[in-house]
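The values are calculated or read from the model by the stated rules, or taken from the named source; none is laboratory data. Remember, it's a predicted structure, so these values are computed and weren't measured experimentally. Counting neighbours? That spans all protein chains shown, and the Cβs are built from the backbone with ideal geometry, glycine included. Ligands, DNA and RNA are stripped out before the accessible areas are found, and what is left, the full protein with its side chains, is counted by its heavy atoms. Shrake-Rupley method; radii C 1.70, N 1.55, O 1.52, S 1.80 Å.
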Amino acid sequence: MSLVAALDYPLDTVPTAALTPRLRVVLLGCGTVNAGVLAGLEAMPAQVEIAAIVTRKPRRKPDDRYAWLTDLNAAFDTGPDLVIDALPDCAAAEKALALAVERGVHVISANKAVIARRPDLEARARRAGTGFAYSAAVGGGVPVLETVARLKASGETITRVRGVLNGTSNFVLGLLENGVSFDKAITAAQAAGFAEEDPSADLDGLDAAFKLALIARAAFDIAPDPYGIPADSLFDRSVGQILGARENGLRYRQVAELSAGADGVLASVRLQALPEDHALARVENEDNAIEIICASGTTLTLHGKGAGQAPTAGSVLSDVRALLAKGSVR
Ligand SMILES: NC(=O)c1ccc[n+]([C@@H]2O[C@H](COP(=O)([O-])OP(=O)(O)OC[C@H]3O[C@@H](n4cnc5c(N)ncnc54)[C@H](OP(=O)(O)O)[C@@H]3O)[C@@H](O)[C@H]2O)c1
């Protein structure tokens with residue numbers, strides 16, 4: 001007798017939930033990134049259920065579909081399998097990720113600051129065999145960390161990484177090059193959903209330093225202190241200097257770089273005036289681009305949307321699908 005004949009119902013009518021337990025998810029934050037993630041998860045009802053959504057301000061309009069909470073402990077009391085962190089860099093985010101790791105809850109995060117500052121959280125999750133992924137934290141929609149991991153898995157030795165890693169700075173620089181003032185350029189970046197309420201980490205190079213720290217972890221198995229990476233601020237240049245460079249065929253770009261040598265790995269975030277035909281000078285708007293150079297001579301260049309709801313939420317959702325594919329749902 002065949003297996004299909006032994007069943008009371010045809011296989012294609014078996015509800016997926018009967019075969020696979022659904023992943024119980026707590027969303028940490030529901031702003032630009034996680035609102036996009038929520039929409040993606042709503043399209044996966046057989047695999048995912050939303051246990052709670054944590055925000056800073058209570059939701060004014062009642063929404064019976066979800067438990068909207070402002071208390072982290074109450075969110076963890078819902079018994080999640082996975083937390084998806086799209087909080088800003090704040091004490092609440094650090095507390096939430098520490099709690100998740102302590103309780104064996106899988107973590108997916110877009111929050112490069114906390115992940116870069118707390119390498120111990122990833123190390124502890126890995127030792128415990130708990131999922132800990134943060135594809136969206138570097139490159140937005142550009143698969144930087146995945147590419148680094150793949151190159152290493154194929155036996156390559158990465159020697160240098162150089163790129164435009166901060167979409168907000170690049171967007172702002174593009175407006176400054178056209179004579180727009182700093183204030184108006186920053187407001188435009190916020191209105192477009194690229195810049196956070198406080199954009200100083202983007203413009204002062206700290207955000208790119210966080211990303212370098214994460215790339216260094218993936219490429220070189222080291223955990224540099226992101227606050228120790230020398231960084232130039234956009235405010236170190238005037239609109240006049242940026243316009244003057246443009247008239248001379250140069251474009252300022254915030255260039256983040258790691259290079260491995262005999263003295264170890266050097267990291268920096270510098271505002272560089274690059275010739276306009278340089279690959280990094282041609283990065284426009286909120287795009288990111290990165291060159292990854294290997295000892296073998298292999299050089300890879302990635303270019304794509306470095307910020308914004310759709311690409312960033314897409315990266316988070318790809319981490320969710322990877323977790324589901326591993327079948328590590330309790
Ligand atoms: N935006 C991008 O393009 C992008 C790209 C890559 C990575 N990221 C990273 O993703 C994270 C989120 O970015 P976003 O642009 O989505 O930010 P956002 O739009 O400002 O949303 C932040 C969310 O976090 C909530 N929140 C803030 N502080 C909180 C607290 N103390 N407790 C509980 N909830 C709190 C906010 O609550 P309320 O709704 O009540 O204000 C909001 O829902 C950041 O770490 C950012 O660096 C963003």
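Full extension of the chain segment joining SER233 with THR299 gains 20.9 nm, where the gain is 0.36 nm per residue of separation less the Cα-Cα distance. Packing-based ranking of 166-173, 250-257 yields 166-173, 250-257, ordered from highest to lowest mean Cβ neighbour count within 10 Å.
In the chain, the inverse of the mean reciprocal separation of distinct Cα atoms equals 21.1 Å; this is its Kirkwood hydrodynamic radius. Roughly speaking, what is the centre-to-centre gap between segment 85-127 and segment 195-225 when only Cα atoms are used, to the nearest Å? Comparing the Cα centres of segment 85-127 and segment 195-225, I get a distance of 15 Å. Accessible surface of segment 144-306, 1.4 Å probe: 50 percent of it comes from carbon and sulfur atoms. Dividing the Cα radius of gyration of segment 144-306 by its Kirkwood radius returns 0.98 for Rg/Rh.
Ranked by the mean number of other Cβ atoms within 10 Å per residue, highest first, peptides 178-185, 315-322, 117-124 order as 315-322, 117-124, 178-185. With the highest mean first, a sort of the peptides 133-140, 193-200 on other beta-carbon atoms found within 10 angstrom per residue produces 133-140, 193-200. Between ASP183 and LYS61, the modelled labels are 3.3 nm apart [label points 7 Å from Cα along Cα→Cβ].
Between the residues GLY304, ALA100, GLN190, the greatest Cα displacement towards the positive end of the dipole of the chain, with unit charges on the Cβ of Lys, Arg, Asp and Glu, is found for ALA100. Computed on the Cα atoms alone, the convex hull of segment 92-137 gives a volume of 57 cubic angstrom per residue. Take every DSSP beta bridge whose two residues both sit in the chain, then give the antiparallel share in percent to the nearest 5. Given both bridge residues lie in the chain, the antiparallel proportion sits at roughly 60 percent.
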